[in-house]
Amino acid sequence: MKLFEYLNEGKELLNNFLFGDDIEVVKNALKNGADINHAETKHKTGSTPLIYACLKGHYALVELLMQHDADPYIADSYGNTAMDYGRPKAKEIIDKYIQERKRKEDWRERKEEIERERQMNDIKRELEG
């Protein structure tokens, strides 16, 4: 069993690495399957890695976690999200990725709509022809 698999069984892997501020270790943990949205249970705070990064003001980690699709809407045991804890710069980073995800989703929906319209037009042509 790999070290990451072993540590990830406890689900606190990524949260523990965040305390060390070593972005390369966090990148390696993510590469090896660490759960990016796992809520901390050891101290019963329910904090996610993104919440920890926001609390620490570690903007490079906030950016990295958002690049890997961290969920900024997960609340901790106190009902607070990363946005609640984030300093202005962290909130700006998170908001940038939220807007980017929304644009991608809007585009995906528009592409699906265009495809449905194309299929309907093809069906109409077949019925008319």
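Summary of computed values
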{"item": "Leading residue by the ranking (surrounded by the fewest Cβ atoms within 10 Å (Cβ to Cβ)) among those in segment 27-70 that are charged (D, E, K, R), under 11 Å from the mean Cα position of the chain (by Cα) and assigned to a loop (DSSP other than H, G, I, E, B)", "result": "Asp69"}
{"item": "Every residue from segment 35-61 that is modelled with pLDDT under 80 and among the aliphatic types (A, V, I, L, M)", "result": "none"}
{"item": "Residue match in segment 42-49 (condition: basic (Lys, Arg) and at positive phi)", "result": "yes"}
{"item": "Checklist (1) in a helix (DSSP H, G or I); (2) at pLDDT 90 or above applied to Tyr73, failing item", "result": "(1)"}
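The values are calculated or read from the model by the stated rules, or taken from the named source; none is laboratory data. From a predicted model like this one, the values you see are computed outputs, not experimental measurements. Neighbour counts are summed over all protein chains in view; Cβ atoms, including those assigned to glycine, are modelled from backbone coordinates with ideal geometry.
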